[in-house]
Amino acid sequence: MSGPRRLTRPLPALLLVSVGALLVRLFRLGERVAHQDEGRVGDWILHYVATGQWDYRPIIHGPFLPHVNGTVFSVLGPSDFTARLVVAVVGALLPLAALLFRDHLRDTEVVAMGLFLAANPILIYYSRFMRNDLPLAAFVLVTVGFALRAIDRPERRPHYLALATFFFALAFTTKENALLYPVAWAGSLALVADRRLLARESPLPRRLVGALARADARTVGRGGLLAVALFVEFFVVFVAFYAPKPDLYHALADPTKLPGVLSAATVGVWHEFANTWLVSGMHDHSVVAFLGKFLEILAVGGAPSSSSPRSASSSTATATTPAPSSASSATGDSRASSATPSARTSWPGGRPSTSSSRSHSPRASASPTSTAVAGRPTSPATGSVRAPRPSSSSSSRPRRAASRSGRTSRPSSPRTTPSSSTPSPRAR
């Protein structure tokens, strides 16, 4: 690894990459219909803008989007575009985070990392989505970058640690699974330390012992003050977002109310989080059970219709197709009965319905005397034969079947059915 690299070399390229990423994320940003999660969070944001009251609700995750989008709605107005604007801007600025790793990468590799963060399809999708996933990932990546800079630049370590703490606190305001990142980092550090400790002639134990021996009271004191300052910074950002509104503003004007607000922003938030995500039964169902339900929905909604193309072409547009009459069943005219449209109908969502279409039609259920003559449905009101929908393959079949059966296609009256007691000789 070479010495520290200058900032000016990859910066112009990454600025161009970020501008391109912003254009991609803003293109027709508000045209897609709102997702269910977007609508639910947006409804609470509108409630916050209208009333000025906000309380932590774990079901919509952290307070970052409600507070930031509340300000955006107040300035630009609520819309699908403005709801996704903050997330889109965060996603467009994400390629600039590659600069934090420039001491460990070549200039071309820094630009390539920025291009990856700008053009990754998954990141583009979530950058155009009013959810906390993209801001959480961006803030955590920036936190890792500043922490790495603090390790590489001891002379500016307090500054970089302060920036890392600020973005880490912002990550905690986006979504509750930010708690998992410190656990993952601790596990990774344990694996690295274990490997170095088990290596032959590892210098790590000697370095640790030497560092502890060289540490004097002044060094320990400055490190302790820095740790306290970082904790206070994290606490202030956390409380500023999680404290109930407008109680926080009242507490700033009246310090006697501050302990109650701090308790609600810390202990109260933890109880709400635990009662919702840990002990409320949110995880009672296994992933396998959800997968089975998902496959069942795919099978019902995505399966093709069981009706043949010939019967589908001769069926009417409405779901009021009557069942075959007793006349066609008594004559044994298989061609006439086969020309009758199928009773299976399809819903707008593609969900097939196997129940009889007559049960869904008020007209069909109100007039039990409606019949089908030679496979052609009759009108329940007048008894006249309704012409089927024109079709190139099946429109002539009912007429030929009616002529062969020897029966007329005109019904006797609206309340009577064609006589079927004496079949014709040709039908026998």
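At-a-glance table
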| quantity | calculated |
| --- | --- |
| Computed E for L23/T219 - FRET, C-beta separation, R0 35 angstrom, nearest 0.05 | 0.10 |
| Gain in span if fully extended, H250 to A274, counting 0.36 nm per residue against the direct Cα distance | 5.9 nm |
| Linear extension gain, V236 paired with R32, 0.36 nm per residue minus alpha-carbon span | 69.8 nm |
| Pairwise Cα inverse-distance average, inverted: Kirkwood Rh of segment 5-115 (Å) | 15.9 Å |
| Segment 11-277: Cα Rg divided by the 2.2 N^0.38 Å rule of thumb | 1.16 |
| Calculated FRET value between F81 and H47, using beta carbons and R₀ = 25 Å, to 0.05 | 0.80 |
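No value in this document is a laboratory result; all are computed from the given coordinates. Since this is a predicted model, take the numbers as computed values, not measurements. A quick note on method: Cβ atoms are made from the backbone with ideal geometry, for glycine too, and the neighbour counts reach across all protein chains shown.
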